[in-house]
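None of the figures in this text is laboratory data; all of them are computed from the coordinates on show. Treat the numbers as computed from the prediction; the structure is a model and nothing was measured. Positions of Cβ are generated from backbone atoms using ideal geometry, with glycine treated the same way; all protein chains shown enter the neighbour counts.
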Amino acid sequence: MANRTDSKLRKSGKRDNMLFHRLSPEPLRGTMDCARSWIVPGVLGCLLLLLPGCGGTDPKRPELHPAVGTLTINGQPATGARLILHPADPGSLDERGALPSARVGADGRFELTTYQAGDGAPIGSYRVGIIWMSDETSSSAWDRLGGAYANPERTRLTIEIREGQNDIEPIQLTGVRFRPRPRPDPRLSYE
């Protein structure tokens, strides 16, 4: 029966259009040959495209050393504040320009991260910048510190990272005046 159906389809020219509606259980030879002819080169082409991403093109990461510390502002943990460490010698940055940073937890503790959570920082001297956003999830967040500690050259806060585990001396900022939420400009109308 399959041969009769095949010959009827061949004569009518509908055989190619009925690829998915074929009654015969045997596969279409022309279709499988076509599929085989592009699958192997396609897979090899994809692998060749991926090869340049593997291997030695990634810049070498410096050796990192774990570092933990605490940050309090006016005697209270600065929960959610961010510390960003800037090398005292800008030439000591790796090729990516990665800066160690940390987010302060509810207890005031932080753990430095350069590439992956808690991996530490390279050996060296750093100037510290601090920002403390009112609400990181809000589109209208503001720095509670008013940018007073954002520029590491103005804060004069420094950290030294040495080989091995580093317990950073507690950072205690006192007499800090918090910046209130900025008022919207009355000249701007959103209506």
Separation in nanometres of the label points that stand 7 Å from Cα toward Cβ, at Ala150 and Arg109: 3.0 nm
Calculated FRET efficiency for the pair Trp142/Arg96, C-beta based, R₀ 35 Å, to 0.05: 0.75
Amide H contacts of Arg144 (H built 1.01 Å from N, under 5 Å, at least 5 apart or other chain): Trp132, Met133, Ser134
Counted charge near Ala150, where neighbours are those whose Cβ lies closer than 10 Å (Asp, Glu -1; Lys, Arg +1): +1
Summed residue charge, Cβ within 11 Å of Ile84's Cβ, Lys/Arg positive, Asp/Glu negative: +3
Quick check: net charge around Asp135, other residues with Cβ under 11 Å of its Cβ, Lys/Arg +1 and Asp/Glu -1? +1
